[in-house]
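K.L.:
Here you go, one structure.
The values are calculated or read from the model by the stated rules, or taken from the named source; none is laboratory data. Note that the coordinates shown come from a computational prediction; the quantities given were computed from them, not determined experimentally. To get the accessible areas, we keep the full protein, side chains included, count just its heavy atoms, and leave off ligands, DNA and RNA. Shrake-Rupley method; radii C 1.70, N 1.55, O 1.52, S 1.80 Å.
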Amino acid sequence: FIIVPLLMCFIQLELRCFPFLVPLLAMFILPIHPILHNLILLFVIPTYRRAIAKFFLKLTKIRIHQTPSISYVIAVH
């Protein structure tokens, strides 16, 4: 991920073809780029939103069934 912005820095230092802040901003924007795409998809596509909601519902159901009940924990102690 960091190779492209670094190449941009070196090209800019040699050629002075664009402002120096462009590659610096690219280094900070590049790591959050996929997260921003996912957020945009959440707001735009209802199917994507439903799929994530179903995943979290399944995850919580699994956790609820795997944890022992309170009465069982009290009886053991």
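K.L.:
With θ set to phi - 60° and the Karplus curve 6.51 cos²θ - 1.76 cosθ + 1.60, what are the ³J(HN,Hα) couplings of the range 14-22 in order, to the nearest whole Hz, using x for Gly and Pro?
P.N.:
Result, ordered by residue: 7, 9, 6, 9, 8, x, 5, 6, 4 Hz.
K.L.:
What are the ³J(HN,Hα) values, in whole Hz, obtained from phi via the Karplus relation 6.51 cos²θ - 1.76 cosθ + 1.60 with θ = phi - 60°, for each residue of the range 34-49 in sequence order, with x given for Gly and Pro?
P.N.:
x, 5, 5, 4, 5, 5, 5, 5, 4, 7, 8, 9, x, 5, 4, 5
K.L.:
Multiplying the sequence separation of L41 and L25 by 0.36 nm and subtracting their Cα-Cα distance, what value in nm do you get?
P.N.:
Working: separation 16, 0.36 × 16 = 5.76 nm, distance 2.35 nm.
Between L41 and L25, full extension yields an extra 3.4 nm.
K.L.:
So how exposed is T47, as accessible area in Å² (1.4 Å probe, rounded to 10)?
P.N.:
Its heavy atoms expose roughly 90 Å² to the probe.
K.L.:
Leaving out ligands, DNA and RNA but keeping every protein chain, what accessible area does F18 have, in Å² rounded to the nearest 10, with a 1.4 Å probe?
P.N.:
60 Å²
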